[in-house]
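Notes for the one structure printed next.
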Amino acid sequence: MAFAPILRRASAVKNLFSLTRLAVGSALSTRSLQTGASGDDSQSMGGYHVSPGGFMRGAVYREPNKPLTIEEFHIPRPKSNEILIKTKACGVCHSDLHVMKGEIPFASPCVIGHEITGEVVEHGPLTDHKIINRFPIGSRVVGAFIMPCGTCSYCAKGHDDLCEDFFAYNRAKGTLYDGETRLFLRHDDSPVYMYSMGGMAEYCVTPAHGLAPLPESLPYSESAILGCAVFTAYGAMAHAAEIRPGDSIAVIGIGGVGSSCLQIARAFGASDIIAVDVQDDKLQKAKTLGATHIVNAAKEDAVERIREITGGMGVDVAVEALGKPQTFMQCTLSVKDGGKAVMIGLSQAGSVGEIDINRLVRRKVWVIGSYGGRARQDLPKVVKLAESGIFNLTNAVSSKYKFEDAGKAFQDLNEGKIVSRGVVEIL
């Protein structure tokens, strides 16, 4: 299968890894910044206001197992309490790949990409002044893939990771929380859906509650992974696993999220940190990210080896970061009595994990799902971990790509060529 970007309007493409540059005005005009949603220079499109002078490019998913297409859009306009961002970098995540392979249903066509950094360009009309003061024009930001509405019953309790609007609108319909997308194609004004903020584009719109300030000391490119890979790992370690100093932990699946779990577990004071994978290069990398032991599950029984390392007991916490029925079972079998099996890997829709019911009941094994962190409280903490150097961003990013090579990035991810996390630079 190929995920390399092509031009949708091209009639034939010989090399899917090549892309003709588009002659697009990707800079937002001063006029479009100043007019606002009710200005005379804006035009209404299906109840949504689009700047007549600004255009951008975005990476579009249309059909399962088909190449991404780089297409031209009107620069999106934010609504109340939303922010328009000039995207600087976007991470390459398996969640996008699941969508692109048709393994997880999602509205199409859509712009993929959900972990971003960028620069604030515009605030939506009637945006709260506290948001404007926190994220002034020109400020640097990082965006979380779970974009909390801030007002639903879960957000009111601080459980941003369960935001009703995020799941009901974005994940179910590919829109923001008024039920509308912010993306419209340049050539025919047709709508395109958004996977989170649709971050694999030169500009994106996101609800302000999903953002955190990005210090000048942190680079745009590497910091993009803070919004998903690190954010997801932090949520799993802090809220699901509740890691305490001295805990033992096994992480099964050492990709972008799994490798981030190693660093976060180390930061929380875990003792034995066991990395499990089937690729030796990922396991060797894991040693530099905090793993005290490595296990190649293709060469030895992972559960037996984990129990051997822990004196026959099993670990306090096991994390499944791959989303496979086999690794789901390995995760539940790796924990000690009373231990926690934390599931963070997404799987093909309809996949089912098995568990020994009697052991679950008699040995008080906890099985907990964790999708991500809580943006308003956790994202600033994740940024602080990176700013202080406790989380090593440079070591966590193994591959960088140009925007035109976004498709190749996902091809590499699909073939297991990205050791930890890849980032597409849209500077």
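The values are calculated or read from the model by the stated rules, or taken from the named source; none is laboratory data. Remember, it's a predicted structure, so these values are computed and weren't measured experimentally. With ideal geometry, Cβ positions are generated from the backbone for all residues, glycine too; neighbour counts draw on all protein chains shown. The area values use the complete protein model at the heavy-atom level, side chains included, leaving out ligands, DNA and RNA. Shrake-Rupley method; radii C 1.70, N 1.55, O 1.52, S 1.80 Å.
Consider the range 388-404 and keep the residues that are touching a Pro at 6+ places or on another chain (Cβ under 9 Å) and either free of Cβ contacts under 8 Å to residues at least 24 places away in the same chain or open to solvent by less than 50 Å² (accessible area, probe 1.4 Å) (or both). The one that is nearest to Gly198 (Cα to Cα) is Phe403. Is there a residue in the range 369-386 that is within 24 Å of Val278 (Cα to Cα) and not small (Gly, Ala, Ser)? Checking the range 369-386: at least one residue is within 24 Å of Val278 (Cα to Cα) and not small (Gly, Ala, Ser). Just to be sure, is Ile131 in the same structural domain as Tyr401 (by the TED database), on the phi < 0 side of the Ramachandran plot, at pLDDT 95 or above and touching a helix residue (DSSP H, G or I) at 6+ places or on another chain (Cβ under 6 Å)? It is true that Ile131 is in the same structural domain as Tyr401 (by the TED database), on the phi < 0 side of the Ramachandran plot, at pLDDT 95 or above and touching a helix residue (DSSP H, G or I) at 6+ places or on another chain (Cβ under 6 Å).
All of Gly258, Gly314, Gly246, Gly227 fail the test of being open to solvent by less than 10 Å² (accessible area, probe 1.4 Å), on the phi > 0 side of the Ramachandran plot, in contact with a strand residue (DSSP E or B) (Cβ under 9 Å, 6 or more places away or on another chain) and modelled with pLDDT of 95 or more, apart from Gly314.
Yes/no per residue for (1) under 15 Å from the mean Cα position of the chain (by Cα); (2) of a type in the set (A, V, I, L, M); (3) more than 23 Å from Ser399 (Cβ to Cβ):
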{"site": "Gly58", "(1), (2), (3)": "no, no, no"}
{"site": "Arg62", "(1), (2), (3)": "no, no, yes"}
{"site": "Asn65", "(1), (2), (3)": "no, no, no"}
{"site": "Glu71", "(1), (2), (3)": "no, no, yes"}
{"site": "Ile75", "(1), (2), (3)": "no, yes, yes"}
{"site": "Lys79", "(1), (2), (3)": "no, no, yes"}
{"site": "Glu82", "(1), (2), (3)": "no, no, yes"}
{"site": "Val99", "(1), (2), (3)": "yes, yes, no"}
{"site": "Ser108", "(1), (2), (3)": "no, no, yes"}
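The lone criterion from (1) of a type outside the set (Val, Ile, Thr); (2) touching a residue at least 60 places away in the same chain (Cβ under 8 Å); (3) more than 19 Å from Ile254 (Cα to Cα) left unmet by Gln330 is number (3). When every residue of the range 89-102 is checked against the conditions, at least one turns out to be in a strand (DSSP E or B), in contact with a Lys or Arg (Cβ under 8 Å, 6 or more places away or on another chain) and more than 22 Å from Pro191 (Cα to Cα).
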